[in-house]
């Protein structure tokens, strides 16, 4: 079976903004994006960037955090963890430089019968989690669990009424453990629940098991994907699709 080749676009870096101590928002625009459209939560693109360390070009997947309505322009949030080519690129890139990307791919469609949503993610999944939360149907209740190093890494978010944000502080622990523990202890109402989580693969594996066995959700209402794995470059989770 052949996978459809994603359309390649060329964009200009218009701005690089620090939105948290180790989180950069890269704004891409320019005429090369005129044919690009992205209008669903969790859609992602593959950025092809040049590693400033060795000059190699690599592709890495990133969620489109926001499309600007007034122009063909998008924001992509990149974690500056310092040990990967895309993170090094984001730390070094300056406005005016060009970058190519493919996509978009992926999508999220809310369960029309759900009365409550449980969402969770670490910094890598924060953009996807927030795009979901911002686009859930009006009147839906839920909780959004976001793991960050500490209170200094919290960002301002504006979510619909009925959704509560719970900031989970890692406080020196291994990434993913605090999120896993918080989700496993999260109170869930006795009504139709749907859940979505992403982050470090090992932690997400435990969260996935909790969704299916602990909460008793069927697979159509429980999504959990390992966006990355400790000590593994460009991880792909075999248990979740795009």
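Per-structure values
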{"read-out": "Peptide ranges 220-227, 8-15 listed from the most packed, as the mean C-beta count within 10 angstrom indicates", "value": "220-227, 8-15"}
{"read-out": "Cα-projected label distance for residue 71 with residue 10, points at 7 Å along beta-carbon direction, nm", "value": "1.9"}
{"read-out": "Potential extension, residue 81-residue 212 segment - 0.36 nm per residue separation minus Cα distance", "value": "44.0 nm"}
{"read-out": "Residue with peak Gaussian network fluctuation, the chain [Cα springs, cutoff 10 Å], from 32, 55, 103", "value": "55"}
{"read-out": "Cα gyration tensor category, rounded, prolate or oblate, for region 88-158 with a/c compared to 1.5", "value": "oblate"}
{"read-out": "Label-to-label distance, nm, for residues given as residue 141 and residue 39 (7 Å Cα→Cβ offset)", "value": "3.3"}
{"read-out": "Centre separation in Å (Cα based) which lies between region 30-61 and region 106-120", "value": "26"}
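Values in this text are rule-based calculations from the coordinates and carry no lab data. What you see is a predicted model; the values in this text were computed from it and never measured. Positions of Cβ are generated from backbone atoms using ideal geometry, with glycine treated the same way; all protein chains shown enter the neighbour counts.
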